[in-house]
Amino acid sequence: MNYETIAVSKEGMVGVITLNRPQAMNALSTTMVTELISALSGFEIDDGVRCLVIAGSERAFSAGADIKEMAEMTAVQMAMTGHFFPLWDKVGKYPKPIVGALSGFVLGGGLELAMSLDVLVASETTQFGQPEIDIGVIPGGGGTQRLTRAVGKYKAMEMVLTGKRIGAEEAKYLGLVSRVVPKEAYLDEAMKVAKEIASKSPVATRLAKMAVNKAFEMGLRDGIDFERELFYLLFASEDAKEGMKAFMEKRQADFKGK
Ligand code: CO8
């Protein structure tokens, strides 16, 4: 499929989506979000893809929603007639693990996109921010909730109320990213993590993602019960039998995703 604002490729069992609007710092236009969801849907039903990477460019992962497009929108268009948000919500509910390869500006909706992913690898040049307050709005793609859960109330408040950006090292210290690496290495490092995840049982990685995400939605007791149900369920998978047999036979497991 030919896309206008993203590039899509496959490396082994890893699907790669690269945001590609360099003239607009990868601002998330309706076309880009539509294309992103289309590419994600394609990889979702591709059994040959077990993990994904979403990257931007070295200069900008994404500078957020497209302000030029948003500037003329009415509340009714935004809330009811536009298809932007229904599409957007699919990212956070995506079943396969996604590694974010971050560099440069990760702002507004760009940070909200990153925070909807599962493992975040950042170049040391990355700058994170929720600058919506500077244009008279607030984060609308989950930022107030996901950022607060990631870094706690006081840092989230500071970032959301002042629009102030933080760098990669501070983001790592706060637990907002998984790894920080030199800028020459961030893409390779993200691919390396994605390939490692793709080498595991896709049945187990999918349920692991679901279980960890439930920690943001459930109380501890219910979350542990939910985890236990998924744990029992995995004993019905051929992959679990293969994984344990391979351990005992001192060989690499050959996971089939069954
Ligand atoms: N939207 C549209 N165009 C943008 C955006 C954006 N968010 N960011 C940058 N651009 C464009 C600029 O207008 C400029 O285009 P042109 O050359 O045609 O004028 C080009 O990209 C290069 O940008 P700059 O010249 O400004 O480059 P600088 O290096 O000087 O600055 C910055 C880079 C810091 C990234 C700066 O461009 C900036 O502050 N951008 C806006 C960041 C921002 O406010 N983001 C939040 C947007 S609102 C939002 O995300 C709400 C989310 C709602 C939910 C959405 C779910 C997806």
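The values are calculated or read from the model by the stated rules, or taken from the named source; none is laboratory data. Just so we're clear, the structure is a prediction, and the values are computed from it rather than from any experiment. Quick reminder, even Gly has a Cβ in these numbers, built from the backbone with ideal geometry, and neighbours come from all protein chains shown.
Summary table below
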quantity	calculated
Count of the range 96-114 residues which are more than 11 Å from the ligand (Cβ to nearest atom) and in contact (Cβ under 8 Å) with a residue 60 or more places away in the chain	7
Failed condition for Lys209, given (1) assigned by TED's automatic domain parsing to the domain that holds Leu107; (2) touching a Pro at 6+ places or on another chain (Cβ under 7 Å)	(1)
Verdict on Ala236 being small (Gly, Ala, Ser) and surrounded by 14 or more Cβ atoms within 10 Å (Cβ to Cβ)	no
Which listed residue is touching a strand residue (DSSP E or B) at 6+ places or on another chain (Cβ under 9 Å) and under 15 Å from Asp118 (Cβ atoms), from Ala211, Ala198, Ala215	Ala198
Test: residue in the range 40-48 that is free of Cβ contacts under 8 Å to residues at least 60 places away in the same chain and aliphatic (A, V, I, L, M)	yes
Residue match in the range 232-243 (condition: modelled with pLDDT of 95 or more and among the aromatic types (Phe, Trp, Tyr))	yes
Options Glu169, Glu132; residue that is surrounded by fewer than 17 Cβ atoms within 10 Å (Cβ to Cβ) and not polar (S, T, N, Q)	Glu169
Any hit, the range 51-65, residues being touching an Asp or Glu at 6+ places or on another chain (Cβ under 8 Å), farther than 28 Å from Ala185 by Cβ and either loosely packed, with under 14 Cβ neighbours inside 10 Å or of a type in the set (Gly, Ala, Ser) (or both)	no
Condition broken by Thr18, with the remaining ones in (1) touching a residue at least 60 places away in the same chain (Cβ under 8 Å); (2) under 25 Å from Glu124 (Cα atoms); (3) β-branched (Val, Ile, Thr) satisfied	(1)
Any chance Lys200 is under 16 Å from Phe255 (Cβ atoms) and assigned to a loop (DSSP other than H, G, I, E, B)	yes
Close pairs (8 angstrom Cβ cut-off, 6 or more residues apart or separate chains): in the same structural domain as Ala208 (by TED's automatic domain parsing) and part of a helix (DSSP H, G or I) in the range 223-239, hydroxyl-bearing (Ser, Thr, Tyr) and surrounded by 15 or more Cβ atoms within 10 Å (Cβ to Cβ) anywhere	Asp239/Ser201
In the range 206-221, the residues that are part of a helix (DSSP H, G or I) and not basic (Lys, Arg)	Leu207, Ala208, Met210, Ala211, Val212, Asn213, Leu220
Any hit, the range 82-105, residues being of a type in the set (D, E, K, R) and crowded, with 18+ Cβ neighbours inside 10 Å	yes
Matching helices (runs of 4 or more DSSP H) fully within the range 104-193 where at least 2 residues are among the charged types (D, E, K, R)	143-151, 153-162, 168-174
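This table checks each residue for (1) near the ligand (Cβ under 9 Å from one of its atoms); (2) assigned by TED's automatic domain parsing to the domain that holds Ile133; (3) of a type in the set (Gly, Ala, Ser).
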residue	(1), (2), (3)
Ile17	no, yes, no
Thr30	no, yes, no
Val33	yes, yes, no
Ile45	no, yes, no
Ile54	no, yes, no
Ala65	yes, yes, yes
Phe84	yes, yes, no
Tyr94	no, yes, no
